[in-house]
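Everything below concerns the one structure shown next.
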Amino acid sequence: MHLQGQHLQGQHILSVEQFSLADINTLFTTAEKLELVAKGVVTTKILDGAILANLFFEASTRTRMSFHSAFARLGGDICDTTGFSFSSISKGESLADTAQVISEYADVIVMRHPEQGAVADFAQHATVPVINGGDGPGEHPTQALLDLYTITRHFNQTNQPVDGATIALSGDLKHGRTVHSLAKLLARYQQITFHFIAPDSLQMPPAIIDWLAAKGHRVHCFPRPEQGLPDADVIYCTRIQKERFNAEQLDATPDESQLFSINQTIINRYAKPSAIILHPLPRDSRDGAFDLSTDLDADPRLQIFTQAANGIPVRMALFVHCLGLQDLVGHDFAPAPWAQSKSAPKKPAPQKPAPQKPAPQKPAPQKPAPQR
Ligand code: NCD
């Protein structure tokens, strides 16, 4: 009987530093088993009767919803609160009191908070497992797991080991918690070469650079993408996190000449044909934003939507292991009856040019088109 990943049972998930390589592999094996449940093709009631409390005190769409969806797909129920103004914290309640109260209402808690360390403080007072859904510029351990899941699945398909890979991380590496967690999680492997591409004022914190170097990885910092993209097997882009700049940092914000977006021209010129392009999302798609460009959307190297979808099986696996249910996975799998009829909505027929003859499957138009 294997006990790998067993020690996650009943644990808070606060930092990627708590995962061994064996834990990562065990979680990913469970995530693979849950792929069809994640897609809604197969049902399970493994979490029947369990309740997740989703506490999000900072903006979130996919993290909050994918935790919710993962728990619901496993048969559990969810209660949640979003933002300080709708929570008793706005009435002066301490995190310690909130933790003790919510522990009586739920079996596991996911929390996102704008202050680094706040989720760990909260967890000290909780009596059920607490999962860090992002604590300010600190960590985002579940995002790093799903990022790594996306990378390992891609590498498995191309028979490439993670050991020895070159990983480029670009954008706001100073404030981006996803890159802090991902770099530390990748450090579990051997001989990674990290290319950190950011203006000096947004570079990876020196403590993380030193920690990676001390573990024997190669770390190179570059201000421009053309220097850091060649040789990269993975290109992981991030958004500039303006909301985390304090007044002093706003003055120190790099001028626009130091910022860049990663677009098709740059990728064509500098990236390997075999590289994959990732982003934790949301990407800033507004005109003039310095982020991953939407002109890459048709490039097969762009894996950002697969990556976001991977959040469901990975978060499911985490719930299963935190709640000690890994040995029950698969026991009650059944085909989802409604999924038989599940199909992608039909795309609207193009307006121009008007079809010469109506397609045979189409319903008859209300008014016949004029004959030409
Ligand atoms: C990220 C986050 O919240 O840290 N998004 C996410 O969780 N998928 C990245 C970001 O906000 O830029």
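The values are calculated or read from the model by the stated rules, or taken from the named source; none is laboratory data. What you see is a predicted model; the values in this text were computed from it and never measured. Please note: Cβ atoms are built from the backbone with ideal geometry, for glycine as well, and neighbour counts cover all protein chains shown.
Only residues that are surrounded by fewer than 18 Cβ atoms within 10 Å (Cβ to Cβ) and either closer than 15 Å to residue 56 by Cβ or away from the ligand (no atom under 16 Å from the Cβ) (or both) were counted across region 82-119, and they come to 20.
Yes/no matrix, rows are residues, columns are (1) within 16 Å of the ligand (Cβ to nearest atom); (2) in a loop (DSSP other than H, G, I, E, B); (3) touching an Asp or Glu at 6+ places or on another chain (Cβ under 9 Å):
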residue	(1), (2), (3)
37	no, no, no
40	no, yes, no
45	no, yes, yes
49	no, yes, yes
52	no, no, yes
68	yes, no, yes
71	no, no, yes
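Out of curiosity, is residue 192 of a type in the set (A, V, I, L, M), out of contact with any Phe, Trp or Tyr (no Cβ under 9 Å at 6 or more places or on another chain) and more than 16 Å from the ligand (Cβ to nearest atom)? Yes; evaluated as a whole, the condition is true for this residue. Restricting to region 154-182, count the residues that are within 15 Å of the chain's Cα centre (by Cα) and more than 12 Å from the ligand (Cβ to nearest atom). So the answer is 1. Filtering region 285-308 to residues that are closer than 12 Å to residue 240 by Cα and surrounded by 16 or more Cβ atoms within 10 Å (Cβ to Cβ) leaves 290, 291, 292. With the structure loaded, tell me whether residue 231 is at pLDDT below 95, more than 27 Å from residue 119 (Cβ to Cβ) and more than 23 Å from the chain's Cα centre (by Cα) or whether it fails that test. No; evaluated as a whole, the condition is false for this residue.
Criterion applied to 156, 132 was being surrounded by fewer than 18 Cβ atoms within 10 Å (Cβ to Cβ) and not in a loop (DSSP other than H, G, I, E, B), and the one residue passing it is 156. Under the condition of being more than 12 Å from the ligand (Cβ to nearest atom) and within 12 Å of residue 62 (Cα to Cα), the residues counted in region 301-315 number 3. Here residue 218 passes the criteria (1) within 19 Å of residue 292 (Cβ to Cβ); (2) more than 16 Å from the ligand (Cβ to nearest atom); (3) among the charged types (D, E, K, R) except the one numbered (1). The lone criterion from (1) in a loop (DSSP other than H, G, I, E, B); (2) buried (at least 19 other Cβ atoms within 10 Å of the Cβ); (3) away from the ligand (no atom under 16 Å from the Cβ); (4) at pLDDT 95 or above left unmet by residue 274 is number (2). Within the set 43, 26, 61, 30, the sole residue that is farther than 28 Å from residue 337 by Cβ, surrounded by 17 or more Cβ atoms within 10 Å (Cβ to Cβ) and either at pLDDT below 95 or among the β-branched types (Val, Ile, Thr) (or both) turns out to be 26. Among the conditions (1) within 24 Å of residue 15 (Cβ to Cβ); (2) in a strand (DSSP E or B), the only one that residue 98 does not satisfy is (2). Test residue 66 against the stated conditions and say whether it is of a type in the set (Ser, Thr, Tyr), surrounded by fewer than 21 Cβ atoms within 10 Å (Cβ to Cβ) and outside the structural domain of residue 212 (by TED's automatic domain parsing). Criteria not met by residue 66. The residues on offer are 353, 282, 363, 358, and the sole one that is modelled with pLDDT of 90 or more and outside the structural domain of residue 52 (by TED's automatic domain parsing) is 282. Reported count of residues in region 285-294, each being at pLDDT 95 or above and either within 8 Å of the ligand (Cβ to nearest atom) or hydrophobic (A, V, I, L, M, F, W, C) (or both), is 1. Go through (1) farther than 21 Å from residue 59 by Cα; (2) touching a helix residue (DSSP H, G or I) at 6+ places or on another chain (Cβ under 9 Å) for residue 273 and report which single condition fails. In the conditions (1) farther than 21 Å from residue 59 by Cα; (2) touching a helix residue (DSSP H, G or I) at 6+ places or on another chain (Cβ under 9 Å), residue 273 misses (2) alone. Contact map, region 229-243: residues that are within 10 Å of the ligand (Cβ to nearest atom) paired with residues that are hydroxyl-bearing (Ser, Thr, Tyr) and in a helix (DSSP H, G or I), Cβ distance under 9 Å, separation 6+ or inter-chain. Pairs shown: 238/178. Evaluating residue 345 against the criteria (1) in a loop (DSSP other than H, G, I, E, B); (2) of a type outside the set (Val, Ile, Thr); (3) in contact (Cβ under 8 Å) with a residue 12 or more places away in the chain; (4) farther than 23 Å from residue 8 by Cα leaves one unmet condition, (3). For region 332-346, taking the residues that are at pLDDT 85 or above and surrounded by 10 or more Cβ atoms within 10 Å (Cβ to Cβ), the one that is farthest from residue 39 (Cα to Cα) is identified as 332.
Does residue 30 count as farther than 22 Å from residue 127 by Cα, out of contact with any Phe, Trp or Tyr (no Cβ under 9 Å at 6 or more places or on another chain) and part of a helix (DSSP H, G or I)? Yes; evaluated as a whole, the condition is true for this residue.
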